[in-house]
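Colleague: Supplied in structure tokens, the structure appears directly below.
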Amino acid sequence: NAGVTQTPKFQVLKTGQSMTLQCAQDMNHNSMYWYRQDPGMGLRLIYYSASEGTTDKGEVPNGYNVSRLNKREFSLRLESAAPSQTSVYFCASRKDSYEQYFGPGTRLTVT
Amino acid sequence: EDQVTQSPEALRLQEGESSSLNCSYTVSGLRGLFWYRQDPGKGPEFLFTLYSAGEEKEKERLKATLTKKESFLHITAPKPEDSATYLCAVQATGFQKLVFGTGTRLLVSP
């Protein structure tokens, strides 16, 4: 099992450009999550999907959209990137109410 | 508002020097407290889940304990390979979300 995979690993965008971060899990988990991690701020939840077909806002959803494409895949889209969105983005998945498993992260720089 | 505070922010130990990391939390009703390890440039790696006060979990040199207000991660006779950032998170009853602390950076010198 690959666990949680994320693409791309690194990305540099100019202000105003758009992009989609991809996440997939092969553990048959129901719930999936997108976090961002910034120095001194800890992991902050952007959006989550409790089950296929549902999505909900987390703590910092502004400037982002998500799509739960199927049970395996959960994508995060930046429509018009801003320098404040420079961060490391992590996808995670969880079965029921147990622990979350994280992907390796995407390091995004917006100039 | 649910909150997690970890201390110290950074800790430097000599190999074999045991110590503890602290995670203080306030939550409306605790569903679970989670410990993760994060290496530089990688995603958090799950270590333990604790569900109720008095519970303890162990894995190699690590032991996690839980009270009604805080959790401790005890590291016994650490090795350099235990160097990492250790993250604590809580989940409130009835909620999907985890609230994370900012972590403790541990450096173990040979």
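Taken together, the values in this text are just the output of simple stated rules run on the coordinates, not laboratory data. Just so it is clear, the model here is predicted, and its values are computed rather than measured. We place every Cβ from the backbone using ideal geometry, glycine too, and count neighbours over all the protein chains shown.
Colleague: By counting other Cβ atoms within 10 Å of each Cβ, how are A:S67, B:S109 ranked from fewest to most?
Modeller: Placing the least packed residue first, the sequence is B:S109, A:S67.
Colleague: Between A:N70 and A:Q17, how high is the FRET efficiency from 1/(1 + (r/R0)^6) when r is the Cβ-Cβ distance and R₀ = 22 Å? Nearest 0.05.
Modeller: Values: r = 27 Å, r/R0 = 1.22.
According to the calculation, E is roughly 0.25.
Colleague: From Cα pairs below 8 angstrom and at least 6 apart in sequence, can you work out the relative contact order of the stretch B:1-70, rounded to a whole percent?
Modeller: 24
Colleague: Pairs on different chains or at least eight residues apart, Cα atoms closer than 26 Å: how many lysine pairs in chain B fit?
Modeller: Counting lysine pairs in chain B gives 17.
Colleague: Additional query: So, in Å, what gap is there between the alpha-carbon centers of the stretch B:56-110 and the stretch A:8-46?
Modeller: 23
Colleague: List the equivalent ellipsoid semi-axes of the stretch A:11-59 in whole Å, largest first, each obtained as the square root of 5λ for an eigenvalue λ of the Cα gyration tensor.
Modeller: 22, 15, 11
Colleague: If you place +1 on the Cβ of every Lys and Arg and -1 on the Cβ of every Asp and Glu, how big does the dipole about the Cα centre of the stretch A:23-94 come out, in debye to the nearest 20? Mind showing how you got there, number by number?
Modeller: Details: 8 positive and 7 negative charges, 13 e Å.
Dipole of the stretch A:23-94, to the nearest 20 debye: 60 debye.
Colleague: Roughly how many debye, to the nearest 20, is the charge dipole of the protein assembly as shown about its Cα centre, given +1 on each Lys and Arg Cβ, -1 on each Asp and Glu Cβ, and no other charges? Before the final figure, lay out the partial values.
Modeller: On the way: 25 positive and 23 negative charges, 85 e Å.
My answer is approximately 400 debye.
Colleague: Roughly what % of Cα-Cα distances in chain A sit above 20 Å, to the whole percent?
Modeller: 33
Colleague: Please give, to one decimal in nm, the separation of the simple spin-label points placed at B:D39 and B:D2, each 7 Å out from Cα toward the Cβ.
Modeller: Between B:D39 and B:D2, the simple spin-label model gives 2.9 nm.
Colleague: Antiparallel DSSP bridges in chain B: what percent, to the nearest 5?
Modeller: Once the DSSP bridges in chain B are tallied, antiparallel ones form about 90 percent.
Colleague: With N denoting the number of residues in chain B, provide Rg(C-alpha) divided by 2.2 N^0.38 Å, to two decimal places.
Modeller: On the way: Rg = 13.4 Å, N = 110, 2.2 N^0.38 = 13.1 Å.
With N residues counted in chain B, Rg over 2.2 N^0.38 Å equals 1.02.
Colleague: What's the Kirkwood radius of the stretch A:69-111 in Å, using all Cα pairs?
Modeller: 12.3
Colleague: Take every Cα pair under 8 Å in the stretch A:27-88 that's 6+ residues apart, average their separations, divide by the length, and report that relative contact order as a whole percent.
Modeller: This gives 28 percent for the stretch A:27-88.
Colleague: So, one more: In the Gaussian network model of chain A, springs joining C-alpha atoms below 10 Å, which of A:L13, A:L21, A:L76 carries the largest mean-square fluctuation?
Modeller: Taking springs between Cα atoms under 10 Å, the residue moving most is A:L13.
Colleague: Using only the Cα atoms of the protein assembly as shown, build the gyration tensor, take square roots of its eigenvalues as a ≥ b ≥ c, and label the shape rounded, prolate or oblate: rounded if a/c is under 1.5, else prolate if a/b is larger than b/c, else oblate.
Modeller: prolate
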